[in-house]
Structure formats: structure tokens, C-alpha cells
1. Output the residues belonging to the range 88-115 that are modelled with pLDDT under 85, over 13 Å from the mean Cα position of the chain (by Cα) and either crowded, with 17+ Cβ neighbours inside 10 Å or outside any helix (DSSP H, G or I) (or both).
2. Any idea which of GLY139, GLY82 is farther than 22 Å from ALA6 by Cβ and touching a residue at least 60 places away in the same chain (Cβ under 8 Å)?
3. Based on this model, can you work out whether ALA78 counts as touching a strand residue (DSSP E or B) at 6+ places or on another chain (Cβ under 9 Å) and either open to solvent by 30 Å² or more (accessible area, probe 1.4 Å) or within 30 Å of LEU152 (Cβ to Cβ) (or both)?
4. Can you pull out every residue in the range 1-47 that is part of a loop (DSSP other than H, G, I, E, B) and either over 26 Å from LEU104 (Cα atoms) or open to solvent by less than 40 Å² (accessible area, probe 1.4 Å) (or both)?
5. Being outside any loop (DSSP other than H, G, I, E, B), of a type in the set (S, T, N, Q) and in contact (Cβ under 8 Å) with a residue 40 or more places away in the chain is the requirement here; does SER144 meet it?
6. Would you pick out the residues in the range 135-170 that are over 17 Å from LEU109 (Cα atoms), loosely packed, with under 14 Cβ neighbours inside 10 Å and at pLDDT below 85?
7. Please go through (1) part of a helix (DSSP H, G or I); (2) touching a residue at least 12 places away in the same chain (Cβ under 8 Å) for ARG153 and return the number of the only condition it doesn't satisfy.
Amino acid sequence: MYCISAGQVKLTSNSASGRGVIATLAGPGSFLGARAALLDVPHDLTAEVIEPSHVCALPKREFLEGLLRIPEMSLRLARQMGNELSDAYRKFSLAACRPLTERLGELILSLCRSYGEQMPDGVHLRTNLSQEELSELLGVSRRSLNRALAELRDLGLVYCGRRAILIDRK
């Protein structure tokens, strides 16, 4: 069981063919491994820091005892798991029903809410995610991601730089 106190971590899963897919990004205050600890099953995701981070390890027994003793901890975890479930439902719905450009726009807006910085010309999304990692978040090839980014750029909605995206205020 782990808790992130600073930084950002990506959680990935590999398909049978070995292709990696980013399941989610986790930041400060997030618990990692809670589901595995609660269900007594092996971890099914791989965690990798994508920026300087501080991650605290908590033995499973102490984690479970803490949930019983500290109601705020239990509530925080329940909220996190509820948000993760909502995010999984949203991702499933997006993947099943919406074109890639729309899914990419939704992903960029979601990242902006968590990691964006308001500036006079729009929202600057500075991220340590590469285009390959963005494509893994969407479960598509990098080539498909580049086509969708180009479409958003052509519409004047985003401007892309190295590991940064500007969402135009207009």
C-alpha cells in the first residue's frame, strides 16, 4: 500500500500483446494499491513516477487497521475509489461512443482541471507526459493521437509544444 504525498505517478496495465495502456494518473493524496489490499489480490497495475515524487509505503496490516481507527482515512479512500469507478465508467462510455478527437478533448480538459495553469492567453497544461503516454491514456496508437491533435490544432482549440499544451481562451 502506498500514498503519494508529492509528484505524479502513472498506473499502467499491459495487454496480452505487451502493449501498455495508462489506466490513470495519480497525484498527491492518492492511495495506490488499496483495491489489492482490500481484496487480498495481487496488484494488477504497474506504477511509475513521471516527475519527482514522494511516495510513502504503508504495510497492509497498518493500512487496514488505520481504516478501522480513522474514519477520515476511510472516507477519503471511499471517495477516491468512487472517483476511480466514475472515471472508469466515463472512459468506457467515451471509448464506446465517441470519436477520438472528442475523447482527446475530454482528456485534455480533465488534465487541465488537475494540472493546468490559468494564463491570460488560455490554460497552460505543462505535463511530463509524452505523446506516447497520451496515446496510452486513450488506448490508441501515437499516429492516431497525432491526427486528433492536428484536428484540434486546425480548429484553433489547442497549441502544442514540447510536453506542454495551450488551450486557447477564445
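1. Scanning the range 88-115 gives LEU94, ARG98.
2. Working: GLY82 fails: touching a residue at least 60 places away in the same chain (Cβ under 8 Å).
Answer to the selection: GLY139.
3. Values: touching a strand residue (DSSP E or B) at 6+ places or on another chain (Cβ under 9 Å): no; either open to solvent by 30 Å² or more (accessible area, probe 1.4 Å) or within 30 Å of LEU152 (Cβ to Cβ) (or both): yes.
So ALA78 fails the test.
4. Result: MET1, GLY7, GLN8, GLY27, GLY29, SER30, GLY33, ASP40, VAL41, PRO42, HIS43.
5. Working: outside any loop (DSSP other than H, G, I, E, B): yes; of a type in the set (S, T, N, Q): yes; in contact (Cβ under 8 Å) with a residue 40 or more places away in the chain: yes.
It is true that SER144 is outside any loop (DSSP other than H, G, I, E, B), of a type in the set (S, T, N, Q) and in contact (Cβ under 8 Å) with a residue 40 or more places away in the chain.
6. Listed by number, the list holds a single entry, ARG162.
7. Every condition holds for ARG153 apart from (2).
Residue-by-condition table, conditions (1) over 29 Å from LEU134 (Cβ atoms); (2) under 13 Å from the mean Cα position of the chain (by Cα); (3) aromatic (Phe, Trp, Tyr):
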residue	(1), (2), (3)
CYS3	no, no, no
VAL9	no, yes, no
LEU25	no, yes, no
ALA47	no, yes, no
CYS56	no, no, no
GLY66	yes, no, no
ARG69	yes, no, no
LEU75	yes, no, no
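The values are calculated or read from the model by the stated rules, or taken from the named source; none is laboratory data. No experiment lies behind these values; they were computed from the predicted model shown. All Cβ positions, even for glycine, are placed from backbone atoms using ideal geometry, and neighbour counts span all protein chains on display. Protein only, heavy atoms only, side chains kept; ligands, DNA and RNA dropped before computing areas. Shrake-Rupley method; radii C 1.70, N 1.55, O 1.52, S 1.80 Å.
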